[in-house]
Structure formats: structure tokens, C-alpha cells
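Taking it in order: structure first as C-alpha cells, then the write-up.
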Amino acid sequence: MFHKLLQIDPEVADAIINNEPVVVLESTLISHGMPYPENLETARIIEDTIRTLGAIPATIALHRGRIHIGTSDTLMEELAQSPHTIKASRSDIAFVLSRKLTASTTVAATMFCAHLAGLPIFVTGGIGGVHQQVIENFDISADLIELSTTPVTVVCSGAKSILDLPKTLEKLESYGVPIVGYRTNEFPAFYSHSSGLPLVHRLDKPQEIAELLYYQHQLGMRNGIVVANPIPRGDEIPEAQINPVIQQARAEAKGLQGKSITPFLLKRINELTAGESLRANIELIKNNASLGAQIAICYYQQLKHLNI
């Protein structure tokens, strides 16, 4: 039933077979997104949040030649602590598997693996996008292309605020990727509730988002959907406070290239904010996990009602 390169956790496999709600999670948050032990603690809190609401979490990682859909405690510990864990995007998956390496998965890689397992709903903190100085370095995240080609819905707090958000929105629009604000008319700015950038579409209930997913899939559309869920007001860092910090971190990151840029920026911003950015990051991902679980429950209930 399942692809031979998938190592599916029994709990997740049972949920898939019985058409029960599953929420996919990426593992780069664990290996490269946060320091230890906050990374491991947050990963477990996110999974517990999803389970408490009635869905099954499925954290994805690459390990010993297999794509793990749902990770064991041992593998999660390794991802959280090992300095040898690779950060794998879509272009790295086959190489990592062929060399039997251990890797966390970016948004793009997680979307690919989720679709391979038949799982349509994925929660993360923020997607990648168009980097600053894109005219000079052409640095555009593979996440955007994956969103244009893979039918997985991504619940996030917008794109990471270290990026060029207006250009990121323009790129997604040009790729035909729907961006839906959840109870907001503006694109979130990751650490901040709003970027001031207007959105065309807004939905206010998880059931409405589940219905959108249903019609998107029934039409055979091959692209994903971005559900933009802002960080709660009480947990945000206002743009006036965080933007100067981001600018300083960007200045210090000059000369870095490729996959090393984002981890450096996140770490440096956390240092410059004395831990406030990490706190905000944890709160927004917990909030996204809650929404993702609610959407998954509504979506799978809808499928059962329609006998699909």
C-alpha cells in the first residue's frame, strides 16, 4: 500500500488506513531551527497539542535510507542533538537516502514526502521565500516552487520575516498558489501579527479551510495552499522592535550562502533579542499546530461524510 522507501510509524499507518486525521510536521525546526533542549521540548509539545485535539502527528525525517513518516523518540533525540544532521531540501532527498545519512526535512522536502505518503495537511512555523538582495544572488527558497507543484496545504505564520515579504507574495501569486488568511486580511510577518501586506482571501473557521482543501483536490489542482495564521497578538514582537534586529543580523550574515543563511539569522536574532524571538517562535508554532489539527479533523470528517 505504501511506497517502499517510506518507514511509517504504526500509529500514523493506522490513521492513514482508517482515514483518520494526520498532521505532518517538519524536522528542520528540531535540527536547525532552535537550540537544544528547546528544540526537543517544542517538538514534543507540538505533537502533544495535535494529539490532544484528536489528530495524529507525523514528524518527517530521513534516516538510514528511508523516509520516516512519524519519528521515534530515539530519532527525535538524534535530530535535536547531533551536529551531523543534514538539512535536506527536495534536491537532497535521493542523495541522503542513497548514502544512508540522517537529515531533517525543509518545508519543500516535507511537502514532497507528505504527498508521497498521501498526507495533505502540514504545519510549520514559516515558509521560505525570496531573500533580500535577490537581484544580486537569486536566492529564492525551493519552498515556493514546491508549493506550486505539490498539493499539500501548509499552515504557517507567513514567511520568515528575515525574507523579502512583498517579493515572496508576488512569487507565490505568479505560481498560482492560493494564500488564505486565517482570521486576518493581512499577511503575517512571522514574529509580528501583521506585515501590512493585504491578502485577497480570508477564512474564519477551520471547517471553511477544510472545504477549500476538498474543492482544490476535487479540481485536480497540483499546487499547495498557504494558510497564513498570525502569531497571537499577546505573543508577537512588534515590527518596530524586531525589524532593526533583523537588519543587524542580515548585515552580519553578509558573505554566507545557501542553507547556512537562515539558521545563522535565526540564531543571531535570538541572541540579539535575549531569547524573545525563540519564545515567539515556540508560541506561533504551537498556535499553528492547533489550527492544523482542527483543519485536519474537519477535512477527514468531511471525507467520511462524503464516503471518499
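The values are calculated or read from the model by the stated rules, or taken from the named source; none is laboratory data. A quick note: this is a predicted structure, and the numbers were derived from the prediction, not measured. Backbone-built Cβ (ideal geometry, glycine too); neighbour counts: all protein chains shown.
Return a yes/no flag: does the range 282-304 have any residue that is over 22 Å from R51 (Cα atoms) and touching a Leu at 6+ places or on another chain (Cβ under 9 Å). No, there is no match, as no residue in the range 282-304 is over 22 Å from R51 (Cα atoms) and touching a Leu at 6+ places or on another chain (Cβ under 9 Å). Scanning the range 98-116 for residues that are under 14 Å from Q7 (Cβ atoms) and more than 12 Å from the chain's Cα centre (by Cα) turns up K100, T102, A103, C113, L116.
Of the candidates G70, G54, G65, the single residue that is under 20 Å from I295 (Cα atoms), of a type in the set (G, A, S) and surrounded by fewer than 22 Cβ atoms within 10 Å (Cβ to Cβ) is G54. Could you list all residues from the range 100-127 that are buried (at least 24 other Cβ atoms within 10 Å of the Cβ), aliphatic (A, V, I, L, M) and either on the phi > 0 side of the Ramachandran plot or assigned to a helix (DSSP H, G or I) (or both)? Hits for the range 100-127 are V107, A108, A109, M111, A114. Can L5 be described as of a type in the set (A, V, I, L, M, F, W, C) and closer than 27 Å to R268 by Cβ? Spelling it out, it is not the case that L5 is of a type in the set (A, V, I, L, M, F, W, C) and closer than 27 Å to R268 by Cβ. Scanning the range 169-215 for residues being small (G, A, S) and in contact with a strand residue (DSSP E or B) (Cβ under 7 Å, 6 or more places away or on another chain) gives a total of 4.
Hey, can you tell me all the residues within the range 218-240 that are in a helix (DSSP H, G or I), in contact with a helix residue (DSSP H, G or I) (Cβ under 9 Å, 6 or more places away or on another chain) and either surrounded by 13 or more Cβ atoms within 10 Å (Cβ to Cβ) or modelled with pLDDT under 95 (or both)? Across the range 218-240, the qualifying residue is only D235.
Sub-8 Å Cβ pairs linking a first residue in the range 154-166 that is at pLDDT 95 or above and part of a loop (DSSP other than H, G, I, E, B) to a second residue that is aromatic (F, W, Y) and buried (at least 24 other Cβ atoms within 10 Å of the Cβ), at least 6 apart or interchain, are S157/F190; G158/F187; G158/F190, ordered by first then second residue. Of the residues examined, L116 is one that is more than 23 Å from Y182 (Cα to Cα), out of contact with any Pro (no Cβ under 8 Å at 6 or more places or on another chain) and modelled with pLDDT of 95 or more.
Based on this model, can you work out whether N243 counts as polar (S, T, N, Q), part of a helix (DSSP H, G or I) and surrounded by fewer than 17 Cβ atoms within 10 Å (Cβ to Cβ)? Please lay out each step first, then the result.
Values: polar (S, T, N, Q): yes; part of a helix (DSSP H, G or I): yes; surrounded by fewer than 17 Cβ atoms within 10 Å (Cβ to Cβ): yes.
Here the answer is yes, as N243 does meet what is asked.
Within the range 271-308, the residues that satisfy the criterion of being within 19 Å of L203 (Cα to Cα) and among the β-branched types (V, I, T) are I295, I297. What pairs come out if I take residues in the range 82-99 that are buried (at least 20 other Cβ atoms within 10 Å of the Cβ) and pair them with residues that are among the polar types (S, T, N, Q) and part of a helix (DSSP H, G or I) whose C-beta lies under 6 Å away, six or more apart or interchain? The qualifying pairs are T85/S31; K87/T28.
Among the conditions (1) within 23 Å of R64 (Cβ to Cβ); (2) free of Cβ contacts under 8 Å to residues at least 60 places away in the same chain, the only one that S31 does not satisfy is (2). Evaluating L144 against the criteria (1) in a strand (DSSP E or B); (2) within 25 Å of H193 (Cα to Cα) leaves one unmet condition, (1). Could you list all residues from the range 263-285 that are touching a residue at least 60 places away in the same chain (Cβ under 8 Å) and either of a type in the set (G, A, S) or crowded, with 18+ Cβ neighbours inside 10 Å (or both)? Correct list: L265, L266, I269, N270, S277, L278, A280, N281, I282, L284, I285.
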